[in-house]
1. Give the residues of the range 266-320 that are among the charged types (D, E, K, R), under 23 Å from Lys187 (Cβ atoms) and assigned to a loop (DSSP other than H, G, I, E, B), sorted by residue number.
2. Take the residues of the range 312-348 that are open to solvent by less than 50 Å² (accessible area, probe 1.4 Å) and free of Cβ contacts under 8 Å to residues at least 40 places away in the same chain: which is nearest to the chain's Cα centre (by Cα)?
3. Give the residue that is most open to solvent (accessible area, probe 1.4 Å), with candidates limited to residues of the range 121-144 that are more than 16 Å from the ligand (Cβ to nearest atom) and either farther than 23 Å from Arg280 by Cβ or assigned to a strand (DSSP E or B) (or both).
4. Just the residues that are of a type in the set (S, T, N, Q), more than 11 Å from the ligand (Cβ to nearest atom) and not in a strand (DSSP E or B), please, taken from the range 145-174.
5. If you scan the range 296-353, which residues turn out to be in contact with a Ser or Thr (Cβ under 8 Å, 6 or more places away or on another chain), among the small types (Gly, Ala, Ser) and farther than 30 Å from Leu10 by Cβ?
6. Please verify whether Asp177 is away from the ligand (no atom under 16 Å from the Cβ) and touching a Ser or Thr at 6+ places or on another chain (Cβ under 7 Å), treating the condition exactly as stated.
7. Pairs please, first residue from the range 175-186 and in a strand (DSSP E or B), second anywhere and at pLDDT below 95 and open to solvent by 10 Å² or more (accessible area, probe 1.4 Å), Cβ atoms under 8 Å, 6+ apart in sequence or on different chains.
Amino acid sequence: MTAVPFNDLLRAYDEQRQAITSALQRVAESGWYVHGPEHADFERGFAEFIGVDYCAGVASGTDGLMLALQAVTAGRQGAVVTAANAGGYTSTAARSLGLSLIYADVNPDTLCLDVNSVRAVVEEPVAAVVLTHLYGRMGDAEGIAALCRERGIPLVEDCAQSVGAERHRQRSGSFGDIATFSFYPTKNLGALGDGGAVVTSNESLAQSVRRLRQYGWSDKYLVSQAGGRNSRLDEMQAAVLNVRLSKVDEWNARRRAIIQAYSAVGRATSPLKMLTATGRDHTGHLAVALVDDRDATRAMFSAAGVATDVHYPMPDHLQPAFSSSASGVRLPVTERVSERILSLPCFPQMTDHEIERVCDVIARV
Ligand SMILES: *Cc1c(COP(=O)(O)O)cnc(C)c1O
């Protein structure tokens, strides 16, 4: 019996093989490889898709976080407030800018920051809040945006996992002051390599990110902003993203259907509880369950040929490289949940047969 993979990126390529290969060939034969017409098309198309005024392509999601934080915290004092359960990307970006972090605990139902946990920590000086829409489920973007507006704190949305999520027809990435996306190959909108974007409707923030991503230039060879770097989305990746962008809503719906199928088979008394993904405010990026005896459960899936993973096994404040600056931090929900989360296979090109095989194991847990 063939195994059920955790993901299979080749199937996504195969689904649009003709369109992707001709786009790549078009770029190769155009002689223009960085910031050309494909990139301009993508920036325009992606801003329109999200429903914001500006999009800047960048080299990765982590670079996006770095550039967005650099732009919004310019001239501000204080730490970056974020969750500790989101893979460490915001911590990496903030620390690379010399910014310190305050971790707020997450809501036990959404596993994202909530307005109460943020309110509890914004009494101290805060340079920015980063809300990660974890697993593709939108956190309380409206509530946290309102709190941030009231306190004059910039809000960054990390939408690396939530591309296309929408609530009342408003997409994630349009609630805060600025938002970041990753096009790492396993994301819901993935490139054939690294890529990212920063979106905003604030013109001066957009200008700042555009300068900082390219040496601080406002014009060729004119460095008008300090702290710049080279972080560009290249023409090949932009061409792939242009082919894939129109598929995102359809793919997200398929991911949600897979998670719903998993949710439907669990018995009420099962120790394995799926986190649901029913509405369009969830992209179904990851199919995550909570289970008490994770090791034994993983072994059951593995014995049945079903690959699993954990996103993420270690909260930021406990990471060896970060823990010295986070000593004494206690995040009961984050810590408890990190020991119980288990990710099951979920990608749009999974076959019905593969989904059934995962369901069969869920029913036996
Ligand atoms: C993947 C991811 C990132 C980082 O994106 P890269 O392109 O790999 O740098 C940031 N935040 C979240 C929530 C992610 O899932």
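1. Arg280, Asp281
2. Here the answer is Glu335.
3. Glu123
4. Passing the criteria: Ser172, Ser174.
5. Ser325, the sole residue that qualifies.
6. The answer is yes for Asp177.
7. none
Conditions (1) open to solvent by less than 70 Å² (accessible area, probe 1.4 Å); (2) touching a strand residue (DSSP E or B) at 6+ places or on another chain (Cβ under 8 Å); (3) within 23 Å of Ala179 (Cα to Cα), marked per residue:
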position	(1), (2), (3)
Arg210	no, yes, yes
Arg213	yes, yes, yes
Gly216	yes, yes, yes
Ala226	no, no, yes
Gln237	yes, no, yes
Ser246	no, no, yes
Glu250	no, no, yes
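The values are calculated or read from the model by the stated rules, or taken from the named source; none is laboratory data. Please read these numbers as outputs of a predicted model, since none were measured by experiment. Note that we place each Cβ from the backbone using ideal geometry, even for glycine, and neighbour counts take in every protein chain shown. Ligands, DNA and RNA are excluded from the accessible area calculation, which covers all protein heavy atoms including side chains. Shrake-Rupley method; radii C 1.70, N 1.55, O 1.52, S 1.80 Å.
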